[in-house]
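A short write-up of the structure that comes next.
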Amino acid sequence: MPVVRMLRQVVGPLAQHPACGCGTYGPPVRSLAISPRQVPADASFHSSSFSDTDHPRVLITGGLGQLGVGLANLLRKRFGKDNVILSDIRKPPDHVFHSGPFIYSDILDYKNLREIVVNNRITWLFHYSALLSAVGEANVPLARAVNITGLHNILDTASEHSVRLFVPSTIGAFGPTSPRNPTPDLCIQRPRTIYGVSKVHAELMGEYYHYRYGLDFRCLRYPGIISADSQPGGGTTDYAVQIFHDAMKHGKFECNLEASTRLPMMYIDDCLRATLEVMEAPAESLSMRTYNISAVSFTPEELAQEVLKHVPEFQITYNVDAVRQAIADSWPMNFDDSNARKDWGWKHDFDLPELVTTMLNFYGSDARVAQAN
Ligand SMILES: NC(=O)c1ccc[n+]([C@@H]2O[C@H](COP(=O)([O-])OP(=O)(O)OC[C@H]3O[C@@H](n4cnc5c(N)ncnc54)[C@H](O)[C@@H]3O)[C@@H](O)[C@H]2O)c1
């Protein structure tokens, strides 16, 4: 029996999407009695329910981590302060609380998520809540709940209310059997961390909801992100943030990865701009729904050499953390992001020297940097 006929018998009548011929057959129902998670019959790939002249109404989950506040600042400049709601389960510091709307949202509370999306007429959702790689290995049950169950709540809420959904993935979505130098968009993905497994799951579930229910799912695989005014949340690439702080404060740094460990990295401004750009890209320009993005790739030794140009007394020593090293050894060394560059014009601004100068300047090294130059 032809596969489509078999499917029709299993799932009922098939509503073909005009643009891609994919089906929007049937809602993602978890429990009919309590919460029928209906996808509207007209679910569309151009799901934004605001007109061209309106701004999107944005919700950011997990917004108090390394990336969320910066993303909120960028989006508020573009769409207006009150159109961007930051949320988390932690108490926000004063400057965040006073800079725009903030609400409590636990992504494990599905009903609360729906209320927030409905009451605030959310049209775009940036799903940043997660437990990162090293933290996830230290608490697998919690990582599984937040990164997988939480994602299911987000997918269903976004589908049900035709919300355009961004979920970040990571270099950690690859593993030791993936090609590592460079790593293309489509290849073997067998990560060995709960973080990586949950991110592959997110990529696949998001794409599945896109093709089956018309969810406007967009995903970028971020490299390690380097930022000055926000602290990293327990990832394997955290050393590349801490090094600048320690260089300036103590003139030395103890690195928990081996000197030759090469990983892809990116300055936060590039990361957040890429995120906005892929969300604004016309749906027709996206040949895929999950893209690698890349900027620079370096080892601790190379980063230390660059820091030394500005802080001549700087010393780096190594005290390798076996868990983080094993994770890093299974991750890409270089990311192939040619599809992002081709499809929606992705281009990074920050190379290694610029990134180092920017970070050291932030930590108050203006005088030293000027002297060195
Ligand atoms: N920072 C990076 O280098 C990097 C690299 C690749 C991908 N990413 C991805 O980008 C996203 C943001 O990363 P980040 O570095 O800001 O993470 P982070 O760890 O700094 O912040 C995550 C936030 O999620 C919140 N959170 C935890 N449990 C929650 C729950 N049940 N409900 C709601 N919020 C909850 C935490 O309170 C925290 O503020 C994550 O999905 C991460 O996987 C980050």
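List of remarks:
- Test result for ARG262, more than 15 Å from the ligand (Cβ to nearest atom), of a type in the set (D, E, K, R) and closer than 22 Å to GLN325 by Cβ: yes
- Contact map, segment 105-120: first residue touching a residue at least 60 places away in the same chain (Cβ under 8 Å) and in a loop (DSSP other than H, G, I, E, B), second residue within 14 Å of the ligand (Cβ to nearest atom) and not basic (Lys, Arg), Cβ cut-off under 9 Å, separation 6 or more or different chains; pairs are ASN120/LEU59; ASN120/ILE85; ASN120/ILE103.
- For segment 100-111, filtered to residues that are buried (at least 17 other Cβ atoms within 10 Å of the Cβ) and not aromatic (Phe, Trp, Tyr), the residue that is nearest to the ligand (Cβ to nearest atom) is ILE107.
- Tally, over segment 118-147, of residues that are buried (at least 16 other Cβ atoms within 10 Å of the Cβ) and either under 18 Å from ARG218 (Cα atoms) or among the charged types (D, E, K, R) (or both): 12
- Per-region count, segment 121-149, residues within 24 Å of ASN73 (Cβ to Cβ) and without any contact (Cβ under 8 Å) to a residue 60 or more places away in the chain: 0
- All positions within segment 195-226 that are more than 16 Å from the ligand (Cβ to nearest atom) and part of a helix (DSSP H, G or I): GLU207, TYR208, TYR209, HIS210, TYR211, ARG212, TYR213
- Some residue of segment 186-194 being modelled with pLDDT of 95 or more, within 16 Å of the ligand (Cβ to nearest atom) and part of a helix (DSSP H, G or I): yes
- Flag not set for MET248, criterion: within 17 Å of SER169 (Cα to Cα) and either of a type in the set (Asp, Glu) or assigned to a helix (DSSP H, G or I) (or both).
- Failed item, numbered, when LEU308 is tested on (1) buried (at least 19 other Cβ atoms within 10 Å of the Cβ); (2) free of Cβ contacts under 8 Å to residues at least 12 places away in the same chain: (1)
- Verdict on LYS77 being part of a loop (DSSP other than H, G, I, E, B) and surrounded by fewer than 17 Cβ atoms within 10 Å (Cβ to Cβ): no
- The condition of being away from the ligand (no atom under 14 Å from the Cβ) and over 20 Å from the mean Cα position of the chain (by Cα) holds for only one of ARG114, ARG78, that being ARG114.
The values are calculated or read from the model by the stated rules, or taken from the named source; none is laboratory data. None of these values were measured; they are calculated from a predicted model. Backbone-built Cβ (ideal geometry, glycine too); neighbour counts: all protein chains shown.
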